[in-house]
Amino acid sequence: MEFSLLIARIAARTSVNPKELERFIKFAIVGAVGAVVDFTVLNIMKIIFERMGLGVGWSIGLDPQQIQLIAANAISFSTAVVSNFTWNRLWTFPESRERPVGSQLAQFATVNVIGLVINTVILVLMDTFVFSHFVSDRLSYNLAKAFAIGVVLFWNFGVNRIWTYKGIE
């Protein structure tokens, strides 16, 4: 079954604008690719920062594991943003290619910097206060990251749709 036909059927059953539903699904698929990038880079950077001893001996009110996680998250999230911007511009919102890439990237980046803050706060809080009590350290921050990505998906789609991709039908 063709992708757009499937979207039209889902939209008819849910009374949702088929084009917006298709865009949201494409945005979520791009986000899933971004999540793979995000998780991969997060875990690689976390291991590198652990081995480097990043944050050990710092007296800033965070333990080294939190410092390492925040630093790894900043890098992994940013890498995923580049992937997401590229694929959203090419596939989810192809009409946006008529606009200057620089200003569009600046808008997308602004939305995602706020998304990074939301993501990092959720990541650290969920890792520290929820998952770490039940599972291993590595599984804990990965579960927290999955939760954070799920929350930030809706922030990023909503704000990018009304600002970065405003006026695209």
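Some values worked out for this structure:
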| item | result |
| --- | --- |
| Mean separation of Cα contacts under 8 Å, 6 or more apart, over the residue count of region 19-164: relative contact order % | 25 percent |
| Contour minus Cα-Cα distance for I60 and I25 (0.36 nm per residue) | 8.5 nm |
| Computed E for A146/E98 - FRET, C-beta separation, R0 45 angstrom, nearest 0.05 | 0.80 |
| Summed residue charge, Cβ within 14 Å of A148's Cβ, Lys/Arg positive, Asp/Glu negative | -1 |
| Contour excess over end-to-end distance, with Cα ends at V82 and V16 and 0.36 nm allotted per residue | 20.8 nm |
| Debye log10 I(q)/I(0) for region 42-100, one point scatterer per Cα, at q = 0.16, 0.20, 0.22 Å⁻¹ | -0.59, -0.71, -0.79 |
| Estimated vicinal HN-Hα couplings, Hz - region 64-80 in sequence order (Karplus 6.51, -1.76, 1.60; Gly, Pro = x) | x, 4, 5, 4, 4, 5, 5, 5, 5, 5, 4, 6, 5, 4, 5, 5, 5 |
| Total formal charge among the other residues, if their Cβ is under 11 angstrom from that of S76, Lys/Arg +1 and Asp/Glu -1 | +1 |
| q = 0.09, 0.12 Å⁻¹, the chain: log10 I(q)/I(0) [Debye, one scatterer per Cα] | -0.36, -0.61 |
| Partner lysines for K46 [C-alpha distance under 23 Å; skip if fewer than 8 residues away on the same chain] | K145 |
| Within-14-Å neighbourhood charge of T128 [Cβ basis; K, R +1; D, E -1] | -2 |
| Spacing of the two label points (7 Å from each Cα toward its C-beta) at H133 and L105, in nm | 4.4 nm |
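Laboratory data are not the source of any read-out in this text; all were calculated from the coordinates shown. Because the structure is predicted, anything quoted here is derived from the model rather than measured. Glycine also receives a Cβ, built like all others from the backbone with ideal geometry; neighbour counts cover every protein chain displayed.
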